[in-house]
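The structure appears right after this line, and notes come after that.
The values are calculated or read from the model by the stated rules, or taken from the named source; none is laboratory data. For clarity, every value in this text was computed on a predicted model and none was experimentally measured. Using ideal geometry, Cβ is built from the backbone for each residue, glycine included, and neighbour counts are taken over all protein chains shown.
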Amino acid sequence: MMSVLSSLAWAFVICSLGYYVAALMAALRFARNAAPPASPAPQRAPDVALLKPIHAGGKNLARNLGSFFSLDYPAKELIFGLASASDPAKELIASLNSKGGEVPVKISFGEVTDAANRKVAKLMKMVNLAPQAEVFVLSDADVRVEPDHLRRVVSELMASEQIGVVTCLYRSVPESCLAARMDALFVNTDFVPMAILSSTFEKMRHAFGATIAMKRAVVDALDRFEALKDLLADDFFVGKIAADKGYEIKLSTSLVTISAEEATLKDFWRHQLRWARTYRTVRPLSLATIVIHGPLWALVLLASTGASEASVILAGVLIAARTLFAAVMLDKVLTVPWKLSDLCLVLVKDLVMSAIWVASLLGNEVTWGGRRFRLAPRGKMVEIKP
């Protein structure tokens, strides 16, 4: 038994090392492609509706929303979705609008009542406020963007008739607490490089929820978002449904920024467990990522070989490679602030993520926005009533 375990550990440590090299090369190439300035807006810029459903926007909501008022693009309107007219975000939007020049702003209040996904429940009402829009850009409330973001995304979307969806990767900037730092490290050193590498080797059939730009024809193919109303991974299915309809899905060179604000380790665990169970449900291939959980397999290797000289050397090489990989992703690819302590924390986070991978196999319940859901086949979710 120990011999089999040792052989697997040797193989998976080597797989992890290979992944670090391949992912880092792909990430550095992505950073080079994203470096040139965005093209100027076309002479006849398509009308864009920026849809921003808001639910508990967090500490950085003013900064995040403010960045959308500063977008350098002529034909845009901002449409916000609030749960009710008493939402505090209403006053914040009015304040930002008074400083934001001549950006047209509309607010949709309430949600459709028969949707399990509250974000989609808002979108189904918001889309009715943009009858003339040719392009719709969805983004979460915790996202902030650079001034050239919309020019990049729209030019990439309109580059070909076959392109129906353009989606953006995101870097995460945390609050100072441990849980938020771990969540940001997952995004910056796990999710982003894996997403870049995946887009290098396979045709994209999914989108990322932080930012999704789509043509009106795709919105119509989604039945004006009704097709997503009971799905947890609404972003994933935007890409899947569009791809099934024959549209191409492209990864943008525009990198947006999100705020990691998890206050406790329990919040971090629930957030990551929801992601892991969602991925397992809609993309079972994601289970294979356990093969590249390098620090886990380094520990297994040491334990199964009695810390032999060769295993100690290989484990040391893996830890050095993982640390270097994380440092380059943070500093050169994503250019986010980081500390030396983050490089130690990333190894701890990796082991916690291995535990979350195991926990994701042990049930079908997730917590989202203070509500509990059971994941059903085909990505649907059913609320578990108290």
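Within region 154-163, can one find any residue that is in contact (Cβ under 8 Å) with a residue 12 or more places away in the chain and over 30 Å from Ala26 (Cα atoms)? No, the conditions are met nowhere in region 154-163.
Say whether the condition of being in contact with a Phe, Trp or Tyr (Cβ under 6 Å, 6 or more places away or on another chain), buried (at least 23 other Cβ atoms within 10 Å of the Cβ) and under 19 Å from Val120 (Cβ atoms) is met by at least one residue in region 181-198. No, region 181-198 contains no residue that is in contact with a Phe, Trp or Tyr (Cβ under 6 Å, 6 or more places away or on another chain), buried (at least 23 other Cβ atoms within 10 Å of the Cβ) and under 19 Å from Val120 (Cβ atoms).
Strands (runs of 3 or more DSSP E) fully within region 1-111 that include at least 3 residues being over 25 Å from Ser252 (Cα atoms): 105-109. Of all residues in region 348-386, those satisfying the criterion of being modelled with pLDDT under 85, part of a helix (DSSP H, G or I) and surrounded by fewer than 13 Cβ atoms within 10 Å (Cβ to Cβ) are Pro377, Arg378. Check Asp142, Asp183, Asp148 and return the single one that is touching a residue at least 40 places away in the same chain (Cβ under 8 Å) and touching a His at 6+ places or on another chain (Cβ under 9 Å). Being touching a residue at least 40 places away in the same chain (Cβ under 8 Å) and touching a His at 6+ places or on another chain (Cβ under 9 Å) holds for just one of Asp142, Asp183, Asp148, which is Asp183. Candidates are the residues of region 281-295 that are among the hydrophobic types (A, V, I, L, M, F, W, C) and either crowded, with 18+ Cβ neighbours inside 10 Å or touching a Gly at 6+ places or on another chain (Cβ under 6 Å) (or both); the one that is nearest to Phe236 (Cα to Cα) is Val282. When Ser16, Ser39, Ser6 are checked against the criterion of being farther than 26 Å from Leu169 by Cβ, hydroxyl-bearing (Ser, Thr, Tyr) and surrounded by 12 or more Cβ atoms within 10 Å (Cβ to Cβ), a single residue qualifies: Ser6. Only residues that are of a type outside the set (Ser, Thr, Tyr) and crowded, with 20+ Cβ neighbours inside 10 Å were counted across region 296-317, and they come to 7.
Among the criteria (1) in a helix (DSSP H, G or I); (2) touching a helix residue (DSSP H, G or I) at 6+ places or on another chain (Cβ under 9 Å), the one Ala307 does not fulfil is (1).
Taking (1) at pLDDT below 95; (2) crowded, with 20+ Cβ neighbours inside 10 Å; (3) not basic (Lys, Arg) in turn, Ile249 satisfies each apart from (1).
Annotation note: of Ala213, Ala217, the sole residue that is among the hydrophobic types (A, V, I, L, M, F, W, C), more than 25 Å from Asp350 (Cβ to Cβ), surrounded by fewer than 19 Cβ atoms within 10 Å (Cβ to Cβ) and modelled with pLDDT of 95 or more is Ala217.
Considering every residue within region 37-57, establish whether at least one is over 20 Å from Ala121 (Cβ atoms), touching a residue at least 40 places away in the same chain (Cβ under 8 Å), assigned by TED's automatic domain parsing to the domain that holds Val154 and in contact with a strand residue (DSSP E or B) (Cβ under 6 Å, 6 or more places away or on another chain). Yes, because at least one residue in region 37-57 is over 20 Å from Ala121 (Cβ atoms), touching a residue at least 40 places away in the same chain (Cβ under 8 Å), assigned by TED's automatic domain parsing to the domain that holds Val154 and in contact with a strand residue (DSSP E or B) (Cβ under 6 Å, 6 or more places away or on another chain). Scanning region 75-104 for residues that are surrounded by 18 or more Cβ atoms within 10 Å (Cβ to Cβ) and among the aliphatic types (A, V, I, L, M) gives Ala75, Leu78, Ile79, Leu82, Ala89, Ile93, Leu96.
Evaluated against (1) within 21 Å of the chain's Cα centre (by Cα); (2) assigned by TED's automatic domain parsing to the domain that holds Thr257; (3) not acidic (Asp, Glu), Tyr20 falls short on exactly one condition, (2). In region 211-225, the condition of being in contact with a helix residue (DSSP H, G or I) (Cβ under 6 Å, 6 or more places away or on another chain), more than 12 Å from Phe136 (Cβ to Cβ) and in contact (Cβ under 8 Å) with a residue 12 or more places away in the chain is met by no residue.
Just to be sure before I move on: is Asp72 under 30 Å from Glu262 (Cβ atoms), among the acidic types (Asp, Glu) and at pLDDT 85 or above in the structure I sent? The answer is no for Asp72. In a loop (DSSP other than H, G, I, E, B), modelled with pLDDT under 95 and closer than 26 Å to Val333 by Cα: does that describe Ser254? Yes, satisfied.
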